[in-house]
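What follows is a single structure, written as structure tokens, with notes after it.
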Protein chains: 2
Amino acid sequence: MKRREILRGAGLATAIAGLAACGGKTGPAAQSGPDLKLKWKMATAWPTNFPGLGTGAARLAELITQASGGRITVKVFGAGELASAFEVFDLVSRGTVQMGHSAAYYWKGKLPASPFFSAMPFGLNAQEMNGWLYAGGGIELWRELYAPSNLVPFPGGNTGVQMAGWFRKPITSVADLKGLKMRIPGLGGEVMEKIGVTPVNMPGGEIFSSLQSGAIDAAEWVGPYNDLAFGLHRVAKYCYYPGWQEPGSALECMVNKEAFEALPKDLQSIVEICCQTVNSQMLAEYTTRNQEAYDTLRNQHGVQFLPLPADVLAALRQAATEVLDAAGAADPFSAKVLASVRAYQARAKAWHLISEEAFYDARR
Amino acid sequence: MKRREILRGAGLATAIAGLAACGGKTGPAAQSGPDLKLKWKMATAWPTNFPGLGTGAARLAELITQASGGRITVKVFGAGELASAFEVFDLVSRGTVQMGHSAAYYWKGKLPASPFFSAMPFGLNAQEMNGWLYAGGGIELWRELYAPSNLVPFPGGNTGVQMAGWFRKPITSVADLKGLKMRIPGLGGEVMEKIGVTPVNMPGGEIFSSLQSGAIDAAEWVGPYNDLAFGLHRVAKYCYYPGWQEPGSALECMVNKEAFEALPKDLQSIVEICCQTVNSQMLAEYTTRNQEAYDTLRNQHGVQFLPLPADVLAALRQAATEVLDAAGAADPFSAKVLASVRAYQARAKAWHLISEEAFYDARR
């Protein structure tokens, strides 16, 4: 551009607009320009900085701020700070906050199909869950389910295989489970109900005191890393495996749809890849910290880790099939999601039989 | 800024600089401002858009451009376009290109410890590899290894458990392997050598023609998804499992150190999380596409997928221990990395015995 063009009116206006955009002033251009400064809030279903879940939410907030160069700063609120853990969905849906970090099966009462996006009994493990979500049509179904609630969901973490739960007494048969009141959410709770357990749901932060007071007899939370943090070994000594009810639980990051759609494309992309980064990072952290906590619980706290007896697992597997079939029969969207997950799982099982499973066997 | 200031010499210069920066020209301000326009090149070890590997590299380039709002655009070059697949390291190290996408074990000749950052025989699967890299000290060791070569490495993908390889004749004993010339890179090749195989390394793009011409008798590449793409089933009918030599191969994204350090913090963060996103996305894609290709190879091409006999696996396991011990004894940095991986693996095995493995068993 030459001097004489700059000195023309149009050229000068362009020059001034150029300077304003580069110099950090506000104005209409700032809504999508480099000088955007958005202050977002994230409500979470976890105690602030609770290991893995809360720290994952905090990391997500930090990553978004870092990668956006401060164009979005995200303030994180723990469960109970703005509202209870089970109100995250509504807070984000209404736009009271722009983001939420939680688990989809908490919304089973509102959206019967939601549990399929966190954990399905005898379903997909973490690697398969990510395969289905990111490359098998899962996310597309999840977005379809949440869109009428004004939410855009992203996978926001994964715990890997969980534990079946903590019990005060050994479980040697299905009869030992009958009549127990157990904290177990989602579809796993419905399966347990079929074999005589009374399932209850409550936020993680209430499990220890409920077990201690005797309000519940047993509880599943996550696994060694998280269960140690809540001190569950202090009120129950038998920890059973494997976590048939949550073989690879996905956490979720929900973004208010209008807030997301108002972002320029680069920031939309940043929010999405920060979620995927945290999804990956959280599984890495669980994989590592669970190993360490497993050692600590066995060696320092005398916890007994025991396998569920084969006949108990068989009864649970049978009950799970019935619960899943009933979920599909009761709700058309659940039927659609279930068909997708079951088709994926059938192929994943066949493939992992000669890959992941065969390798585990070969390495022993 | 008022008109009369613009019209002064200094003001005008600023206005012109501002316009130039916004328009994509170079200049001092462009090095860190929102109007930065960097053009990066990425050399890869894969044919352009080869499924999984090449498409992963292409996705990484697109993500960086999207998330940076175009401040960095990345042009991807397939193997052979700028130099051969095995020269990616040198191209990035010298700064001829800013980025590379490849696999660390290709650099075994330069850096004996490099294979530990892609695949270790009977070592970590994908979930464990990510656990070790992201949350178990792995990345820190990798950065230390690559820093003297002027490179910053990031995990850039994972294939999951690979296959043991393609053979023209059935393998019923160790004797059937003796004397075969097989394409198998990294530490896996050294293990095969111990039991009488002649290992060779060559870029993926040369495997089909080498098998066809009889220059090699057998080959491992990746798994169904990738092996189908190269048509390996057309020159060998027996595919053995599991991929003991590559139980969860990490790909790598290398960035030239000066190019990385010259980036403003937000773009450094974007490059890092785009790598982690592609790392996660690629495993999801392999998990899904391998299932489909496994079906296709069995049902449409008559490929026989067979387990390696137990005594062959036992011989390989024994040879692997010797190869790993020797690698540690020969090179101090390898010893340090091996100690870290082995400690991680011992705990991961114990933990996955009651979580991932126990769940696979319970689900059958």
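Each value in this text was obtained by applying a stated rule to the coordinates, not by laboratory testing. For clarity, every value in this text was computed on a predicted model and none was experimentally measured. Methodologically, a virtual Cβ is constructed for each residue, glycine included, from the backbone with ideal geometry; neighbour enumeration extends over all protein chains shown.
A few remarks follow.
- Here region A:166-238 is treated as an ellipsoid with the same Cα gyration tensor; its semi-axes, largest first and in whole Å, are 19, 14, 11.
- Counting neighbouring beta carbons within 10 Å and listing from fewest to most, the residues B:ASP217, A:ASP295 come out as A:ASP295, B:ASP217.
- Using a cut-off of 29 Å between Cα atoms, the listed pairs B:LYS194/B:LYS336; A:LYS41/B:LYS265; A:LYS257/A:LYS349 include A:LYS257/A:LYS349 as exceeding that distance.
- Global geometry of region A:60-137, whether rounded, prolate or oblate, following the gyration tensor of its Cα atoms and the 1.5 cut on a/c: oblate
- DSSP-defined antiparallel bridges as percent of all bridges, the protein assembly as shown, nearest 5: 45
- Cβ crowding within 10 Å ranks B:HIS352, B:HIS233, B:HIS101 as B:HIS233, B:HIS352, B:HIS101, fewest other Cβ atoms first.
- Between A:THR198 and A:ASN49, the contour length at 0.36 nm per residue exceeds the alpha carbon distance by 50.6 nm.
- Taking the label point 7 Å along Cα→Cβ, A:GLU193 and its counterparts in the other copies are spaced 6.3 nm apart, in ascending order.
- Evaluated at q = 0.10 Å⁻¹, a Debye calculation over the C-alpha positions of region A:232-364 (equal weights, vacuum) places log10 I(q)/I(0) at -0.59.
- On Cα atoms only, tilt of A:53-67 relative to the major axis of chain A in degrees: 20
- Burial ordering of B:LYS237, A:LYS265, fewest other beta-carbon atoms within 10 Å first: A:LYS265, B:LYS237
- Stokes-Einstein D in µm²/s, Kirkwood radius over Cα pairs - region A:155-307 at 37 °C with 0.692 mPa s viscosity: 196
- Filtered trypsin sites (Lys or Arg not before Pro), region B:73-148: DSSP coil and at most 11 other beta carbons within 10 Å: B:LYS110
- Phi-derived couplings, Karplus 6.51 cos²θ - 1.76 cosθ + 1.60 at θ = phi - 60°, listed residue by residue for region A:305-311: 8, 10, x, 4, x, 4, 6 Hz, with x used for Gly and Pro.
- For A:LYS237, net neighbour charge (Lys/Arg +1, Asp/Glu -1) across residues whose Cβ lies under 13 Å away: +3
- Inter-label distance, nm, simple model (7 Å from Cα along the C-beta direction), B:ALA329/A:THR296: 3.8
- Other copies of B:GLU261: label-to-label distances in nm, shortest first, labels 7 Å along the beta-carbon direction: 4.6
- FRET efficiency estimate (nearest 0.05) - Cβ-Cβ, B:ARG94 to A:LYS37, R0 41 angstrom: 0.55
- Euclidean distance of C-alpha centroids, region A:264-306 and region B:116-156, integer Å: 17
- Subtracting the Cα-Cα distance of B:SER84 and B:LYS169 from 0.36 nm times their residue separation leaves 27.4 nm of extension gain.
- Stokes-Einstein diffusion of the protein assembly as shown at 10 °C, 1.306 mPa s viscosity, Kirkwood radius from Cα pairs, rounded to a whole number: 59 µm²/s.
- Convex hull volume per residue in cubic angstrom - Cα atoms of region B:224-270: 135
- Note on A:LYS336 and A:ASP176: their simple-model spin labels are 4.4 nm apart, each label 7 Å out from Cα toward Cβ.
- Of B:LYS110/B:LYS181; A:LYS178/A:LYS237; A:LYS39/B:LYS39, those spanning more than 21 Å from alpha-carbon to alpha-carbon: B:LYS110/B:LYS181; A:LYS39/B:LYS39
- Dividing the C-alpha radius of gyration of region B:47-98 by 2.2 N^0.38 Å, with N its residue count, gives 1.18.
- Quick note on region B:75-183: its Rg to Rh ratio, both from C-alpha atoms and Rh being the Kirkwood radius, is 1.03.
- For region B:291-359, a Kirkwood radius taken over Cα pairs fed into Stokes-Einstein (20 °C, viscosity 1.002 mPa s) yields D = 139 µm²/s.
- With R₀ set to 35 Å, the beta-carbon distance separating B:ASP311 from A:ALA314 gives a calculated FRET efficiency near 0.55.
- Between B:GLU261 and B:ASP361, the contour length at 0.36 nm per residue exceeds the alpha carbon distance by 31.2 nm.
- Working value for chain B: equivalent-ellipsoid semi-axes of 43, 22, 19 Å, each the square root of 5 times a Cα gyration tensor eigenvalue, largest first.
- Inter-copy separations for B:THR172, label at 7 Å along Cα-Cβ, nm, ascending: 4.9
- Long-range amide H partners of A:TRP46 with built H, under 5 Å: A:ALA79
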